1. Convert each backbone phi in the range 216-228 into a coupling constant with the Karplus relation 6.51 cos²θ - 1.76 cosθ + 1.60 (shift: θ = phi - 60°), then list the ³J(HN,Hα) values in order as whole Hz, x for Gly and Pro.
2. What is the fewest-to-most order of TRP104, TRP75 by other Cβ atoms lying within 10 Å of their Cβ?
3. Sort THR110, THR97, THR243, THR177 so that the residue with the fewest other Cβ atoms within 10 Å of its own Cβ comes first and the one with the most comes last.
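Each reported figure results from applying straightforward, stated rules to the coordinates on display, with no laboratory input. It should be emphasised that the depicted structure is a prediction, and the values quoted were computed from it without experimental measurement. Note: ideal-geometry Cβ built from the backbone for every residue, glycine included; neighbour counts use all protein chains shown.
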Amino acid sequence: MATEQRQHTLRDPYAIDPADNLFRDLSEAAAGCRNGKDGRCLPHRSHIVAMATQGDLFADFQQPVQALPEGMALWHDVVTPAEEQALTEAIDAAPLTPFRFHQWEGKRLTASYGFGYDYGAAQVLDAPPFPEWLREIAGLAADRADLDPQAFVQGLLIRYDPGAGIGWHRDRPQFGTVLGLSLSSAVVLRMRRRLARGFERCAVTLPPRSLYRLDGPARWEWEHSIVPVAETRRAITLRSLRTSD
């Protein structure tokens, strides 16, 4: 009994909450944003969705909102299909291991470069250096986002096999701006921000070969999650280190 209680206490904070499947249909129904000529998303709306009851869910399901939170941007077709295939092969060839939080083991597979994170000590750790191909894709992604490529010192490779997802979270506070390159299959990134009652919510479709940026309120005020996927998805997450305020 003591062992069972201990394992329950160490539950992964990123685990999918079964009760939150209430919002899955809304997430899958909502699409991405409208795009400007340069591929950037058009300006956000400051208030997207506020839901405190199940009744609100069905109202929003009928009229899904597709704007992005402030500080988030999305670009399509950042790499070609041929480049995507090469990245897929590179990720699969990397030393991927199941995500671990204390004694908990997740379904998604990951490999860190530049820096990793120790959840027990709540601190950033050194990790193997970026391989050349990852440094090149980091430069491409940063250039597209109009950011300094040298700022992105942490790279995370992720493979979500069918049934793998990630629960509500914000990236660790030691890191700063986040860039994410989606590969292999489309996925809905669910986002929420706590209000006095309930949450403000939106859902953004991330197509294969698309790149998103989280900064400002989207990075520090909103949480995000992905429901367990039906098709294998791969992703490359790039992070800068947080600078002192």
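1. Listing the rounded values in order: x, x, 4, 7, 9, 10, 9, 9, 9, 7, 9, 6, x Hz.
2. TRP104, TRP75
3. Placing the least packed residue first, the sequence is THR243, THR97, THR110, THR177.
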